[in-house]
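Participant: Starting off with a structure, shown below.
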Amino acid sequence: MTALRFTSLTLISGLTFKNRLVILPMASQTADENGLATEKTFSHYQNLAQSGAGLVMVEYSHVNVAGRSETNQLGLHDDACLPGLTQIASTLHSAGIKTGLQITHCGGKDSAGISSDIMGPSGITVPAYDRVLPTPRAMTMDDIKQWQQDFVAAAIRADKAGFDLVEIHCAHGYGINQWLSPLTNQREDEYGGKLENRTRILIEIVTQIKQVVPRLAVMTRIPGQDGYPGGLTHADMAQVSQWLVAAGVEILNVSSGIGGWNRPKDKRGEGFLVEDAAPLTGTTTAAVIGVGGIESVDYIETILATKQVDLVAVGRAILARPT
C-alpha cells in the first residue's frame, strides 16, 4: 500500500503534484543588492531539487523595491529578474518537481529599515512580539492601485519564468496581512471597516492575476488567525477563504498572522499551526497546506490519514537533509 505522503494531488485547474510534500519558501538571502539571483541562489535550489517533493516554493520575492524587508531579498519587481528566476524554475522542473514563487510587499513591516517609503493601510505600527517596527504612512488610493499593479506585474513575470503557480503572501504581518487585520487596517473607505472591505485589495489582486495569466495557479499564504487580541479570528479566515477560492485561489497555505512566523512559546511539538489549518480543510475546493515544524514521517501520515490537511509543508528539516 502506498504511503499517503506519496500519493498525488490534482488541483481544480488540472495541475498535479506527484506527492503531498511541499517545501515552503525559506529566505536564502542570497540575491544581490538589486534582487537578482546569484550563483548561491542557484546552488540553494539545486539542493532543494534533490528533495523529491511534489512542490517546491521559491522564497518570498518583493514586487516593488520599496516593499523589500531584507537587503538580499530576491526580487520580482523588474524584467531584469527574469533570467535568474527562469533558471531556478527550470532546475526544479528538471527534477520532476512543480514549483511556485511567493510574492510579497512588506508594507509597514520593514524589519531591516531599508524601505524608502514605508506604508500601510492606516498608518498604524504593525505589532510584533520581538521588536518595535517603524510607523508607516497611510496609503492613498493611488498607492493601492500601484500595489495591485505591482502584484499583477510580478505574477506575469512568474508566468514568463515558467513557474506553475504564484503565492501571494498574506501572513506573518506583511503588507497584505496588514490590510486583512483589524489591528492595522482602520480605514473608513471601501478598503477598511468590515471584513469584506479589508479583504477587497487582496480579492482584486487575485481576480486581476487570473484574468491576465489564467494558466498560472494562485495560492495564498494566509493566517489561520492573527494571534493577537482583537485580531483576525478563525471565523474571519474561514470567510476570507471562501472569498479567495471564489476569486480563483486553488491552495490555502495556512500559517501565522500579524505577530510574525515565530513559534509561540506555548506551542510544542510538530505541526503547531495544523490546528489552524484543519478547520479549513474540505470546506472549499482549495487544497490546504499544514505547516509548523513538521519533521517526522509518522506525524505526516497521521495528519493526512485524518484529513486535517491535504498537503504537508516540510521546511528546515529538508533544508538540512534534502534527500
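The values are calculated or read from the model by the stated rules, or taken from the named source; none is laboratory data. Here the structure is a predicted model, which is why all the values come from computation and not from measurement. Cβ coordinates were reconstructed from backbone atoms using ideal geometry, including for glycine residues, and neighbour counts include every protein chain displayed. Surface accessibility is based on the protein's heavy atoms, side chains included, excluding ligands, DNA and RNA. Shrake-Rupley method; radii C 1.70, N 1.55, O 1.52, S 1.80 Å.
Participant: I'd like the Karplus ³J(HN,Hα) series for the stretch 293-303: coefficients 6.51, -1.76, 1.60, θ = phi - 60°, whole numbers in Hz, and an x wherever there's a Gly or Pro.
Facilitator: x, 7, 9, 9, 4, 4, 5, 4, 5, 5, 6
Participant: Exactly which GluC sites (Glu not before Pro) in the stretch 179-241 are in a DSSP loop and have at most 10 other Cβ atoms within 10 Å? Show your work: numbers first, answer last.
Facilitator: Details: sites: Glu188, Glu190, Glu196, Glu204; in loops: Glu188, Glu190.
Here the GluC sites (Glu not before Pro) that fit, given the DSSP loop and packing criteria, are Glu188.
Participant: Follow-up. Over the stretch 1-80, with the other protein chains present, what is the accessible area per residue in square angstrom, probe 1.4 angstrom? Could you put the intermediate results ahead of the total?
Facilitator: Numbers: 3330 Å² over 80 residues.
Accessible area per residue: 42 Å².
Participant: Quick one: net charge of Asn197's neighbours, Cβ under 13 Å, K/R +1, D/E -1?
Facilitator: Numbers: positive: Arg187, Lys194, Arg198, Arg200; negative: Glu188, Asp189, Glu190, Glu196, Glu204, Asp236.
So the surrounding residues net to -2.
Participant: Return the sequence-ordered ³J(HN,Hα) values of the stretch 114-126 in whole Hz as given by the Karplus equation 6.51 cos²θ - 1.76 cosθ + 1.60 applied to θ = phi - 60°, using x for Gly and Pro.
Facilitator: 10, 6, 7, 7, 7, 9, x, x, 10, x, 9, 4, 6
Participant: Here's another thing I want to ask about it. At q = 0.08 Å⁻¹, what is the base-10 log of I(q)/I(0) for the chain according to the Debye formula with one equal point scatterer per Cα and no solvent? Please give it to two decimals.
Facilitator: Rounded to two decimals, the profile gives -0.32.
Participant: Out of Asp110, Asp78, Asp189, any idea which swings most in a Gaussian network model of the chain, alpha carbons joined below 10 Å?
Facilitator: Per the Cα network of the chain with a 10 Å cutoff, Asp189 tops the list.
Participant: In debye, nearest 20: dipole of the stretch 1-154 around its Cα centre with unit charges on the Cβ of K, R (+) and D, E (-)?
Facilitator: Values: 10 positive and 13 negative charges, 154 e Å.
So the dipole magnitude of the stretch 1-154 works out to roughly 740 debye.
Participant: Which of the GluC sites (Glu not before Pro) found in the stretch 14-66 are loop residues per DSSP with 10 or fewer other Cβ atoms within 10 Å of their Cβ? Present the calculation step by step, with values, prior to reporting the outcome.
Facilitator: Working: sites: Glu33, Glu39, Glu59; in loops: Glu33.
Loop-located and lightly packed - Glu33.
Participant: Could I ask something else about it? Counting only protein heavy atoms and a 1.4 Å probe, tell me what percentage of the chain's accessible area is made up of carbon and sulfur. Don't jump to the answer; show the numbers that get you there.
Facilitator: Values: 6380 of 12700 Å².
Taking all protein chains in place, the chain shows 50 percent carbon and sulfur surface.
Participant: Heavy atoms of the protein only, probe of 1.4 Å, neighbouring chains included. What is the accessible area of Trp261 in Å², nearest 10?
Facilitator: My reading of the accessible area for Trp261 is about 140 Å².
Participant: Filter Lys145/Lys210; Lys98/Lys160; Lys109/Lys194; Lys18/Lys210 down to the pairs with a C-alpha to C-alpha distance above 19 Å, please.
Facilitator: Numbers: Lys145/Lys210 17 Å; Lys98/Lys160 15 Å; Lys109/Lys194 23 Å; Lys18/Lys210 24 Å.
In this structure, Lys109/Lys194; Lys18/Lys210 exceed 19 Å between Cα atoms.
Participant: Let me ask you something else. Using Cα centres only, tell me the gap between the stretch 1-29 and the stretch 83-143 in whole Å.
Facilitator: About 24 Å separates the Cα centre of the stretch 1-29 from the one of the stretch 83-143.
Participant: Determine the relative contact order of the chain: mean sequence separation of Cα pairs under 8 Å and six or more apart, normalised by residue count, in whole percent.
Facilitator: Numbers: 738 pairs, mean separation 52.9, N = 323.
Dividing the mean separation by the residue count of the chain yields 16 percent.
Participant: Along the stretch 66-74, what does the Karplus equation 6.51 cos²θ - 1.76 cosθ + 1.60 (θ = phi - 60°) give for ³J(HN,Hα), rounded to whole Hz, x for Gly and Pro?
Facilitator: Ordered by residue, 3J(HN,Hα) equals 5, x, 6, 10, 9, 5, 10, 6, 5 Hz.
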